[in-house]
Structure formats: structure tokens, C-alpha cells
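Any read-out appearing in this document is the output of simple, stated calculations on the displayed coordinates, not a laboratory observation. Remember, predicted model here, so these are calculated numbers, not experimental data. Here the Cβ is made from the backbone with ideal geometry for all residues, glycine too, and neighbour counts use every protein chain on show.
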Amino acid sequence: RGAGGEPLAVRVVRRADGAAGTSPLGIRYRYRGPCAAGFFRGEGDVCSECPRDSFRREEDAEASCTACGDVDGHSLGMVTNTTGAASPEACACPAGTFERRRARDPAAAVRACVACNASAVCDAPGVQLETLAVAPGFWRAREGTGDIRRCPGGAEACPD
């Protein structure tokens with residue numbers, strides 16, 4: 001408001017996030033645009049990338065990123081390979097584990113990381129039960145089952 005209490009005319013000018021300046025009336029301003037997915041409102045009111053092992057969707061609050069282990073309890077033990085992840089789908093199980101979804105409906109499934117044992121190959125992050133390779137000397141009846149068994153008669157009895 002002006003000195004006499006009357007409303008002042010304000011003209012909105014689109015600026016880049018973080019732009020600052022002084023209006024012709026001497027009013028200091030700072031433009032605060034929305035943070036993109038994968039970024040959060042950090043120190044100094046600037047958008048910063050989400051750190052590794054976390055994400056932020058466009059519709060989430062800007063104050064922080066969500067840790068992969070806190071996705072409504074649905075991604076326990078998961079990590080990301082990079083910073084700036086924009087969705088929970090960027091979260092994957094680390095090397096040495098594989099992802100198992102625990103529900104009949106994959107869209108509503110609880111995602112969990114399960115430790116690999118000697119019967120499976122989990123050398124890289126992001127291994128899922130459906131793509132899990134069995135170690136030499138082991139077999140499974142079909143993809144998607146965690147029922148991995150030792151080959152009867154040794155490794156020679158189960159060709160690759």
C-alpha cells in the first residue's frame with residue numbers, strides 16, 4: 001500500500017527462479033518459481049537436486065526429498081544411482097540384493113529388497129525377481145519364482 005493507504009499497482013514480470021532486484025518504487029523482490037521434479041527448495045531458497053537414494057515428484061512438497069526407504073513403506077532398502085531422481089521408480093535394490101514385489105497386483109505391490117544367496121547372481125543394482133539369474137549348479141522352474149534349487153547331480157546336470 002502507498003503512503004496514504006491506497007493500493008499500489010503491481011506488474012508481474014516472469015523471472016528465472018532466484019532472480020532478485022528492486023522495483024521502480026524501491027521495493028526489493030525475489031522471484032520464487034516452483035522447483036522441478038527431482039529438486040527441492042534448499043538453503044537460500046534455491047532449488048537443489050535431491051541427493052542420492054531419494055527423489056521428489058512434481059506434486060510433492062518442495063521442502064525436502066523422500067528417501068527411497070520411505071515411499072509409504074513400499075521401497076525398503078532401495079537406492080538410486082544418481083542425484084535428482086524424480087519418481088520412486090528411480091529407486092532400485094542395491095547390488096547383492098534383488099527386488100521382490102509382495103502382492104498379486106504389481107501396481108499395488110510392496111517393493112522390498114531381498115538378500116541374494118549363493119543360488120543367485122546379484123552383481124549389479126536393479127535386479128528384479130523376474131530377471132534374477134541363477135548361479136551355476138542351480139535351477140528354477142520358471143521366471144518370477146524365488147524357489148531356486150540345487151541341481152541334482154551337481155552343476156553338470158544343469159546346463160546354462
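What is the local net charge at Ala92, summed over the other residues whose Cβ is closer than 15 Å to its Cβ (Lys, Arg +1; Asp, Glu -1)? So the environment of Ala92 carries a net charge of -1.
Backbone amide hydrogens, once placed in the peptide plane, bring Thr97 within less than 5 Å of Cys116, excluding anything fewer than 5 places away on its chain. Per-residue extension of 0.36 nm, minus the Cα-Cα distance of Arg57 and Ala95, leaves a gain of 11.2 nm for this segment. Between amide H atoms placed 1.01 Å from N, distances below 5 Å from Ala133 occur with Val121, all of them 5 or more places distant or on a separate chain. Using the Cβ-Cβ distance between Arg102 and Val46 with R0 set to 35 Å, the FRET efficiency from 1/(1 + (r/R0)^6) comes to roughly 0.35.
I'd like the Karplus ³J(HN,Hα) series for the stretch 61-67: coefficients 6.51, -1.76, 1.60, θ = phi - 60°, whole numbers in Hz, and an x wherever there's a Gly or Pro. Ordered by residue, 3J(HN,Hα) equals 4, 7, 5, 7, 9, 9, 5 Hz.
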